[in-house]
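We did not get these values from a lab; they are worked out from the coordinates using the rules stated. For clarity, every value in this text was computed on a predicted model and none was experimentally measured. Every residue, glycine among them, receives a Cβ derived from its backbone with ideal geometry; neighbour counts consider all protein chains shown.
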Amino acid sequence: MAFINGIGLISPQNTIDPEVFLQSIVEHKAEYMKSVDPVYKEFLDPLQTRRLSRIIKMGITSARLCLRNAGCEMPDSIITGTGLGSVEDTEKILAELPKEEKFLNPTPFIQSTYNTISSQIAIYLRCHGYNSTYVHRTFSFESGLLDALLQLEEKSAENILVGGIDEMSLNHLMVTRRSGLWKTEIINNLELRKSMSPGAVAGEGSGYFMISASPVPGTYARITGVETIYKPSDFAFIKEKTIGFLQSNGLNLSDIDLIMVGVNGDDRWDGIYDAFTSNIFPGRPVSWFKHLCGEYHTATSFALWATANILKRQMYPPVMQLNDLQPLKIENILIYNQFRNINHSMILVSR
């Protein structure tokens, strides 16, 4: 068993306060969906963190928010999933290389490595336990969750801090837009479903979860299982894996009360979600989340935050409803995400 006992999330929405769940929706109409950052000096010592990059501040702050929410001072392990690591620090290094020969500032290089975020959290907390970073693109967060589930099963840890974090910069957006990842036009994120065209709307965020072996009075939900599929041969294979995944966790298709999908407005790939919901879960309520946080490698961390809150509060926000159907009960939610029909993942979360 793996229980979500605390959450800390910094995202393009107002998610810093754990007592508030999508009460006021932030509207974005820009090149990408930038996170709503807290006043970091309220959470971090300005002198200690003056040289830290923004993504590391996001990571440490969301981790501290999670620990505070869980009522836990020290985790046994820290696991972070990130698709890109510190983009801004990497850009600083590359910007200096073509210039005149000189000694480069080592700080951006040190902070540009992928495992810096998880390491800085451990340094700040003085945590000497297991520390690992997964860089598996859109499998990064799921890989971290799988590691945590294995540790809990082996009883090598009781409370594990697991996070998914990625940042976006304007320069990185412009470069990667050439490969067709992002939309070329600026649209309103709340009108994403009406703007079906090639490319998604980029986003960013930092979400950390206290994954524990035992529940507490404030437990959000239970992570029942995590599944990843790489380059499925056809849709029949996805359906077979979905049925097998649910059965391995003691559930059938009829036991899923709500499906949360990663629709991102890219008309080349969103049809996969339509096929998934209509063929495998016909007549079932469907929700979505990327119009609230944007597309990034660890966006499923936002989905897990939303799912955990829905299960705990037994409240289904209208802004997340993709169809008009309402769940009769909310006991089991399946998160399904895919990236260009290459990386497919499922996270099963239960009340």
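What to note about this one:
- For the stretch 2-212, the antiparallel share of DSSP beta bridges with both residues in that region comes to about 60%.
- Of Met196, Met260, Met168, the one that fluctuates the most in a GNM where the chain has Cα springs shorter than 10 Å: Met196
- Overall dimensions of the stretch 25-174 as given by Cα atoms, namely Rg and Dmax in Å: 16.6, 54
- Treating each Cα of the stretch 42-106 as one equal point scatterer and applying the Debye formula with no solvent, the log10 of I(q)/I(0) at q = 0.13, 0.17, 0.26 Å⁻¹ comes out as -0.53, -0.78, -1.20.
- Among Gly250, Gly163, Gly129: highest mean-square fluctuation, GNM of the chain, C-alpha pairs under 10 Å: Gly250
- Secondary structure note: in the stretch 221-350, about 70% of the DSSP beta bridges are antiparallel.
- A cut-off under 15 angstrom between Cβ atoms defines the neighbours of Lys329, and their net charge, with Lys, Arg +1 and Asp, Glu -1, is +1.
- Square roots of 5 times each gyration tensor eigenvalue, C-alpha, the chain, largest first, Å: 30, 25, 19
- Calculated P(r) tail over 17 Å for the stretch 91-211, as whole % of Cα pairs: 70
- Gyration tensor verdict on the stretch 1-58 (Cα atoms; rounded if a/c is under 1.5, prolate if a/b is larger than b/c, oblate otherwise): oblate
- Expressed in units of 2.2 N^0.38 Å, where N is the residue count, the Cα radius of gyration of the stretch 221-350 is 0.95.
- Under 28 Å from Lys102, Cα to Cα: lysines that are on another chain or at least 8 residues apart: Lys92
- Across Lys99/Lys183; Lys241/Lys329; Lys155/Lys239; Lys29/Lys57, pairs whose alpha-carbon gap is larger than 27 Å: Lys99/Lys183; Lys155/Lys239
- Cα pair count fraction exceeding 12 Å, expressed as % - the stretch 117-159: 65
- The alpha carbon gyration tensor of the stretch 195-247 gives principal lengths a ≥ b ≥ c with a/c of 1.5 or higher and a/b no greater than b/c, which makes the shape oblate.
- Pairs of Cα atoms in the stretch 248-308 fall into 10 Å distance bins, from 0 up to the last occupied one, in shares of 20, 48, 30, 2 percent.
- GNM flexibility winner over the chain from Leu97, Leu150, Leu325 (Cα, springs under 10 Å): Leu97
- Exposure proxy order (Cβ contacts within 10 Å, fewest to most) of Val162, Val216: Val216, Val162
- When the convex hull of its Cα atoms is projected in every direction, mean area for the stretch 285-351 (nm²): 4.5
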